[in-house]
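Below is one structure, written out as structure tokens; comments come after it.
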Ligand SMILES: Nc1nc2c(ncn2[C@@H]2O[C@H](COP(=O)(O)OP(=O)(O)O)[C@@H](O)[C@H]2O)c(=O)[nH]1
Ligand SMILES: [Mg+2]
Ligand SMILES: [Zn+2]
Ligand SMILES: [Zn+2]
């Protein structure tokens, strides 16, 4: 269970971004979470609710998760395949010279802030 | 509905830590202090292995240990009593890993100018410590025989970030279907560069190989 730790890093980065953009309330945070990132989205949103409501900047702020499918690349036949389904072995040529192209992201995609035109 | 504005961020939550870790490594290089990050599951034998290893090295180089595996100071006290070297307890507040900032805070409380080697006993966990660069010069991990030879398949990231994989508790090999050759092969698949060192921390068998590896690393770091 490391999602709470991750939530603290998200809060730190969102605070930084809010300050840089002169924002005093954030209503939504959108995360890109890779399928093989080891982060469990449901745990993340639960931990988020608990921790975010303790921050004035983030009261009621919703955490949304975009799941990024994991894709691997085979160096032998130079084709892509679904990592979760086939693991390290290429389904096209059965080669083992494969690496992850994407799918281990834990990144803040964007934040949503109330838009009050002055 | 209230109108909202979207601000694009697109930043990995590991980004700041990676910068902190690189800075810390640069500083360690300048000071000629080698930081080794030791990881494993709980109970694989980190503390026992450290005591054996330190006793082989302490007359050759100046060593300190930073203990983070558990929040109580039993391991730190055990190491100090069994080796006589300085050993401090880091308080992780229940975090499942250490990051570069926490490691730096720990280093601030050891006498860096009087040391050649600092060993960090990381939190017992095979997932998160692999994701957070501590700023160490190298990572080592311990896999113990009862955990099974297929751990490299289940925790690929951990094995891919380690330069050394110590296989501990080889005294119990007769009681488990742990195949060392198979394990070597699984490690190689994840990380062709990793060295595999079988040991028994209980009797000390093989620990000299690990100690020699550390000694060479420290010498190279100081060049
Ligand atoms: N049989 C056997 N037991 C060991 C060996 N090394 C450590 N242990 C035992 O494993 C348990 C956990 O060891 P410890 O060093 O505290 O593990 P840590 O939690 O990773 O620091 C202790 O009871 C040790 O005595 C070994 O080589 N063989
Ligand atoms: Mg220990
Ligand atoms: Zn964790
Ligand atoms: Zn292929």
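Coordinate-derived values only; no laboratory data. All values reported here derive from a predicted model rather than from experimental measurement. Note that each Cβ is placed from the backbone with ideal geometry, even for glycine, and that neighbours are counted across all protein chains shown.
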Exercise. Among the residues of segment A:100-118 satisfying the criterion of being loosely packed, with under 15 Cβ neighbours inside 10 Å and more than 10 Å from every other protein chain (Cβ to nearest Cβ), which is nearest to the chain's Cα centre (by Cα)?
Worked result: A:101
Exercise. Out of all the residues in segment A:61-79, is one or more buried (at least 19 other Cβ atoms within 10 Å of the Cβ), under 24 Å from residue B:2 (Cα atoms) and either touching a residue at least 60 places away in the same chain (Cβ under 8 Å) or within 16 Å of ligand 3 (Cβ to nearest atom) (or both)?
Worked result: no
Exercise. Mind checking which residues of segment B:137-182 are at positive phi and touching a helix residue (DSSP H, G or I) at 6+ places or on another chain (Cβ under 8 Å)?
Worked result: B:169
Exercise. Which one of the conditions (1) more than 10 Å from every other protein chain (Cβ to nearest Cβ); (2) out of contact with any strand residue (DSSP E or B) (no Cβ under 8 Å at 6 or more places or on another chain) does residue A:16 fail to meet, given that it meets all the rest?
Worked result: (1)
For this session: Being more than 16 Å from ligand 2 (Cβ to nearest atom) and free of Cβ contacts under 8 Å to residues at least 24 places away in the same chain narrows it down to one of B:151, B:223, so name that one.
Result: B:223
Problem set entry | Check on residue A:37, within 20 Å of residue A:104 (Cα to Cα) and within 9 Å of chain B (Cβ to nearest Cβ) | yes
For this session: Determine which single condition residue B:124 fails, assuming it passes every other condition in (1) touching a helix residue (DSSP H, G or I) at 6+ places or on another chain (Cβ under 7 Å); (2) within 14 Å of chain A (Cβ to nearest Cβ).
Result: (1)
Problem set entry | Among the candidates B:74, B:65, B:118, residue that is over 26 Å from residue A:37 (Cβ atoms) and more than 11 Å from ligand 2 (Cβ to nearest atom) | B:118
Exercise. Which one of B:160, B:136 is closer than 17 Å to residue B:117 by Cβ and under 17 Å from the mean Cα position of the chain (by Cα)?
Worked result: B:136
For this session: Name, by its number, the condition in (1) more than 20 Å from residue B:129 (Cβ to Cβ); (2) assigned to a helix (DSSP H, G or I) that does not hold for residue B:104.
Result: (1)
